[in-house]
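The values are calculated or read from the model by the stated rules, or taken from the named source; none is laboratory data. Predicted model, so just to flag it, every value in this text is computed and none were measured. All Cβ positions, even for glycine, are placed from backbone atoms using ideal geometry, and neighbour counts span all protein chains on display.
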Amino acid sequence: MSSSSPGLAKVSFYGVYLDNLAQVRIFPYDCANQFNTMDVLKQLREEFPARPMKVIWDGAFYHRAKMVHIAAEVFDIILEPLPLYSPDFMPVEHLWQWLREEVTYRTCYDSKADLKAQVARFQHRINATPLAIADRLWVKLTWIQKKKNYGSQNRLGLSLSPGLPRIYYYRDLLDQ
């Protein structure tokens, strides 16, 4: 979400849904770009050094940067882009809605630090309830069953390897 309210500073949040763990990670940055995207990949690899990882994300310009793809190879992270215009496949979209409901609706924070602290408390609070996370962030795909002719691909049009932990990844902009 990005607001065009004049005079308000912005904070970019990279959100990660670790679906196999029913956990989220929210990383604050001053802006969303290829360098911060690489830093998020590095932090994920540092937190989970031995686990295979697949990051499923949208087509933001900084996700497509060559440097990001090189970093993913270095960190041994598989990148899987979503089809264009498919926010329904992104559980993190539900995370942003949840965060807005509990942290940013009808609230202006005095500083970026205050907003970041509230988001960190939100992350800590929801990670204590993995069933609530799984329930709120579950991707509902019932409408896909009506579509036909996906051929050898699965119904999402993605080649997902069974058994690999999947990390859904997205970024959002919030006003302070």
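Residues in segment 16-25 include at least one that is under 14 Å from Val92 (Cβ atoms) and either free of Cβ contacts under 8 Å to residues at least 12 places away in the same chain or touching a Gly at 6+ places or on another chain (Cβ under 9 Å) (or both). Restricting segment 103-127 to residues that are touching a strand residue (DSSP E or B) at 6+ places or on another chain (Cβ under 7 Å) and under 22 Å from Thr37 (Cβ atoms), the residue that is surrounded by the fewest Cβ atoms within 10 Å (Cβ to Cβ) is Lys112.
Only a single item in (1) surrounded by 14 or more Cβ atoms within 10 Å (Cβ to Cβ); (2) out of contact with any helix residue (DSSP H, G or I) (no Cβ under 6 Å at 6 or more places or on another chain) is not met by Phe61, and it is number (1). When you look at Val16, is it crowded, with 18+ Cβ neighbours inside 10 Å, closer than 22 Å to Ala134 by Cα and at pLDDT below 95, yes or no? Considered against the rule, which asks whether it is crowded, with 18+ Cβ neighbours inside 10 Å, closer than 22 Å to Ala134 by Cα and at pLDDT below 95, Val16 comes out as yes.
Selection of segment 85-140 for residues being assigned to a helix (DSSP H, G or I), without any contact (Cβ under 8 Å) to a residue 40 or more places away in the chain and among the polar types (S, T, N, Q) yields Gln97, Gln118. Scanning segment 26-43 for residues that are surrounded by fewer than 16 Cβ atoms within 10 Å (Cβ to Cβ) and within 25 Å of Gln97 (Cα to Cα) gives Asp30, Cys31, Asp39, Gln43. Of the residues making up segment 84-102, those that are crowded, with 16+ Cβ neighbours inside 10 Å and at pLDDT 90 or above are Leu95, Trp96, Trp98, Leu99.
Which residue is nearest to Trp138 (Cα to Cα), if the candidates are limited to segment 5-45 and must be among the basic types (Lys, Arg) and in contact with a Leu (Cβ under 9 Å, 6 or more places away or on another chain)? Here the answer is Arg25.
Can you tell me how many residues in segment 70-83 are surrounded by 14 or more Cβ atoms within 10 Å (Cβ to Cβ) and either over 20 Å from Ser12 (Cβ atoms) or touching a Lys or Arg at 6+ places or on another chain (Cβ under 9 Å) (or both)? Count: 7.
Taken over segment 21-46, the criterion of being modelled with pLDDT of 95 or more and of a type in the set (D, E, K, R) is satisfied by Arg25, Asp39, Lys42, Arg45, Glu46. Determine whether segment 61-82 contains at least one residue that is touching a residue at least 24 places away in the same chain (Cβ under 8 Å) and of a type in the set (Lys, Arg). Checking segment 61-82: not a single residue is touching a residue at least 24 places away in the same chain (Cβ under 8 Å) and of a type in the set (Lys, Arg).
Is it fair to say Glu46 is out of contact with any Gly (no Cβ under 8 Å at 6 or more places or on another chain), surrounded by fewer than 17 Cβ atoms within 10 Å (Cβ to Cβ), farther than 29 Å from Ala113 by Cα and among the acidic types (Asp, Glu)? No: the conditions fail for Glu46. Taking segment 72-84 as the range and being part of a loop (DSSP other than H, G, I, E, B), hydrophobic (A, V, I, L, M, F, W, C) and closer than 20 Å to Phe48 by Cβ as the test, only Phe75 passes.
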